[in-house]
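Below: one structure, written as structure tokens.
Just so it is clear, none of the values below were taken in a lab; they were calculated from the coordinates. Everything numeric here is computed off the predicted structure, so don't read it as measured data. Positions of Cβ are backbone-derived with ideal geometry, glycine not excepted, and every protein chain shown enters the neighbour counts.
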Amino acid sequence: MKPIETVGVVGRGALGVSFAHLLTQALGPERVLVLADRERVRRYEAEALLYNGRPCPLHYVDTTAAPPVDLLLFSTKFGALRQAAESCRRVVTPETTLLSVLNGISSEEVLGELFSPEQIVWCVAQKMSAKKEGSVVTVEPVGELAIGVPEGYDACHLRRLTAFFDGIGFPYSLPPDIRLHMWSKLLCNTGCNQAAMVYRCGYGAMQVPGEVRDTMLGAMREVAAVAQARGIPLTEADVAAWAAVIDSLPAHGEPSMRQDAKARRKSEVELFSGTVRHLGRESGVPTPVNDRLYREILAMEQAY
């Protein structure tokens, strides 16, 4: 398998812009294609992006006219993933490495239905605070991608990706059990994202004792209980570890669901409490905190 030389990025939210920018800085614009339909390309080209206060020119390419790429990175909202992946079939060859930085534990399953599961490197985007307001993107800190493949999978695409990241100095880590790690990040997102949306706050309110932090930790603990019932060994130590990560983020920063609410966008509530409630019912585990958050978030969205 040849080394990765070209990259496609699908999705131009805060994380999509951040990763496209980092990759463009390392490879040059001709080797990093931000893929979209023709109308979006025209709109993107007319908008001057700022990334951490500086101009951020990216190379936009109509997906229907794009060449195959060696690495295809998805950074869409979950509801748009299947359609985005379908539109990218022509840029995917049997050797293309696929990577999803979406939240939750479901995007790899969706991609695996459309492409070969062996091409997918499982991924968690973590330890960053990223915000996009209009054409202004602020990412502080940049964070990293935790990557891996489950036990029993062919690791050739993982080895190819780590060699590529090593070559360009891209930040990543290799958790010993990527499936466990993805559940662990679900625990984090289910707590902090949903608490921030319901309480209309940033990380600062979750870093101090009180109702917001208690709600965040309660939602996390329910994820751990559901995970344990399904054979995933999450514990209170995972809750404490992610709380420490949140405590280290800028107090003025905001998780993605808070940004969704401010922009009156549909959130990823189905990926978080929606998933936890469904799996909790299957496993006989009560999820009262997530039940409440789910109801309140749906009510907020219905009021847009």
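Just a few scattered comments:
- Multiplying the residue separation of Arg200 and Ser135 by 0.36 nm and subtracting their alpha-carbon distance yields 21.2 nm.
- For the chain, adding -39500 (n - 2.57) for each run of n ≥ 4 DSSP H residues and dividing by the number of residues yields -14500 deg cm²/dmol at 222 nm.
- Taking label points 7 Å from Cα along the Cα-to-Cβ direction, Ala46 and Leu114 give a separation of 2.7 nm.
- Ranking His252, Val9, Val226 by how far each Cα lies toward the positive end of the dipole of the chain (charges on Cβ) leaves His252 at the top.
- Packing-based order for 42-53, 286-297, using average beta carbon neighbours within 10 Å, highest first: 286-297, 42-53
- Each peptide in 154-167, 1-14 was scored by the mean count of other Cβ atoms within 10 Å over its residues; highest first, the order is 1-14, 154-167.
- Mean separation of Cα pairs under 8 Å and 6 or more residues apart, divided by the residue count, gives the chain a relative contact order of 15 percent.
- Segment 7-173: relative contact order as a whole-number percent, Cα under 8 Å and 6+ apart: 21
- About its Cα centre, the dipole of the chain is roughly 680 debye, where the only charges are +1 on Lys and Arg Cβ and -1 on Asp and Glu Cβ.
- Unsatisfied cross-links (Cα-Cα over 30 Å) in the set Lys131/Lys185; Lys2/Lys131; Lys2/Lys132: Lys2/Lys131; Lys2/Lys132
- Helix 178-199 and the long axis of the chain differ in direction by around 70°, with both axes built from C-alpha atoms.
- For Lys127, Lys185, order by how many other beta-carbon atoms lie within 10 Å, fewest first: Lys127, Lys185
- Cα centre as origin, Lys/Arg/Asp/Glu Cβ charges: segment 90-146 dipole, Debye: 240
- Paramagnetic label reach from Cys156 (point 7 Å along Cα→Cβ; backbone nitrogen cut-off under 18 Å): within segment 91-111, residues 92-99.
- Sorting 213-220, 242-249 by average packing, meaning the other beta carbons within 10 Å per residue, from highest down gives 213-220, 242-249.
- With Cα atoms, 0 to 90° folded angle of helix 288-302 axis to the chain main axis: 60
- Prolate/oblate/rounded label for segment 58-217 (Cα gyration tensor, a/c 1.5): prolate
- This model, with +1 at the C-beta of Lys and Arg and -1 at the C-beta of Asp and Glu, gives segment 7-173 a dipole about its Cα centre of some 500 debye.
- Helix 14-27 axis, angle to the chain major axis (alpha carbon atoms, nearest 10°): 40
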